[in-house]
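The values are calculated or read from the model by the stated rules, or taken from the named source; none is laboratory data. What you are looking at is a predicted structure, and each value in this text was computed from that prediction instead of being measured. Positions of Cβ are backbone-derived with ideal geometry, glycine not excepted, and every protein chain shown enters the neighbour counts. Just so you know, the surface numbers come from the protein's heavy atoms only, side chains and all, with ligands and any DNA or RNA stripped out. Shrake-Rupley method; radii C 1.70, N 1.55, O 1.52, S 1.80 Å.
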Amino acid sequence: TRSVITAMTDKVTVNVPDGNLNLENVRFDHLTTPAATQCAVEIELVSDSTLTAQGITADLAASKDFCLTADTLENGHPVALLANSVIWGSDGGIPAIRGVNLEDHPFDIGLSNDLFHTFTGDGPATIQAQINADPKWTNPAAGDYHLLAASPAVNSGTPTVFGGLPATDIESLPRFRGSAPDRGAYESPFDDRTYLTVSNTNDSGAF
C-alpha cells in the first residue's frame, strides 16, 4: 500500500484479522488525536497476522504514539516488522513506537534501521541501527517531508528487508540513490558514494 494519510480528526486504526499486511511508502501527518487517546496510529494484528512495513513517514503530534497491537487467540503469534521508517513529532513532542499486547500471548516486534525516539510498552522488540535525532524534514508544517541533505535519515537505511526493498518511493522515484536507501517514504537525491574516473590502466602516476 502506498498512500498519504493527512488532516484526520481521529486516530488511524488498521485491523488485520488474519494473513499479512504489507505497507510501503506511507505517510501519516497532521493527525488530530483526542487527548484521551494514546495511539495516533494503531495497527492491530489478530491471531497469526504479520505486518511488514517499510518506508513509513509519520509526523505525530502531542507525543501520541505509533502503536503495534497484538490481539491474539490462544495459539496466535503475530509479528510486526518495521524497517527504514521515520516516526517523529515536528511539534517537539516525543511520540514512541509502542507495543500493546492485549492477551499476553507471544508477540514479536522487529525494528530495523528506523528513526524514532524510543520503544515502549509490550514486546519484546528487537531493535537494530536505531537513530534518535531530528530527521530534518524540509517543511513539515506545510506537509513537505522531503529530507534535507543534512538529515541523518539520508543513505542510512538497509537494503535488506523482509519481502524485498520497494523499487520506488512514495513519489515513484527510484530507491535507492546512494550507498543505502533513505529512511522514510521519500528518497532524497543525495548520493554519498565517491566516484573515481579512470582513463588508463597504469599501476601508478596519473589516472
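Things worth noting here:
- Annotation: amide H-H contacts under 5 Å for Ile109 (H modelled 1.01 Å from N, sequence separation of 5 or more, or interchain): Ala80, Thr126.
- For Asn20, residues with placed amide H under 5 Å, excluding near neighbours: Thr50
- Sequentially through the stretch 110-122, phi angles give Karplus couplings (6.51, -1.76, 1.60; θ = phi - 60°) of x, 10, 10, 6, 9, 10, 6, 6, 7, 10, 9, x, 8 Hz, Gly and Pro residues having no value and appearing as x.
- Correct choice for Rg and Dmax of the Cα atoms in Å that was computed from the model, options (1) 16.6, 49; (2) 17.4, 48; (3) 18.7, 71: (3)
- Taking 0.36 nm per residue of sequence separation and removing the Cα-Cα distance, the Ser63/Thr13 pair yields an extension gain of 16.3 nm.
- Per-pair calculated FRET efficiency, R0 = 25 Å: Thr160 and Leu102 via Cβ, rounded to 0.05: 0.20
- Packing, taken as the mean count of other beta carbons within 10 Å per residue, orders the peptides 17-30, 126-139, 50-63 from highest to lowest as 50-63, 17-30, 126-139.
- What the phi angles of the stretch 165-171 give under the Karplus curve with 6.51, -1.76 and 1.60, with θ = phi - 60°, is a coupling list of 6, x, 6, 9, 9, 5, 9 Hz, glycine and proline written as x.
- For Glu42, nonlocal amide neighbours, meaning residues 5 or more places apart or on other chains whose placed amide H falls under 5 Å from its own, are Val12, Thr13, Val14, Cys67.
- DSSP-defined beta bridges in the chain - what % are antiparallel, rounded to 5: 5 percent
- Simple spin-label estimate for Thr120 and Ser179 gives 3.4 nm between the two label positions (7 Å along the Cα-to-Cβ direction from each Cα).
- Here the 3J(HN,Hα) profile of the stretch 41-58, calculated from phi with Karplus coefficients 6.51, -1.76 and 1.60 at θ = phi - 60°, is 10, 10, 10, 9, 9, 10, 6, 9, 5, 10, 9, 10, 10, 8, x, 8, 10, 10 Hz, Gly and Pro shown as x.
- Apportionment of accessible area to carbon and sulfur, the chain, percent (1.4 Å): 52 percent
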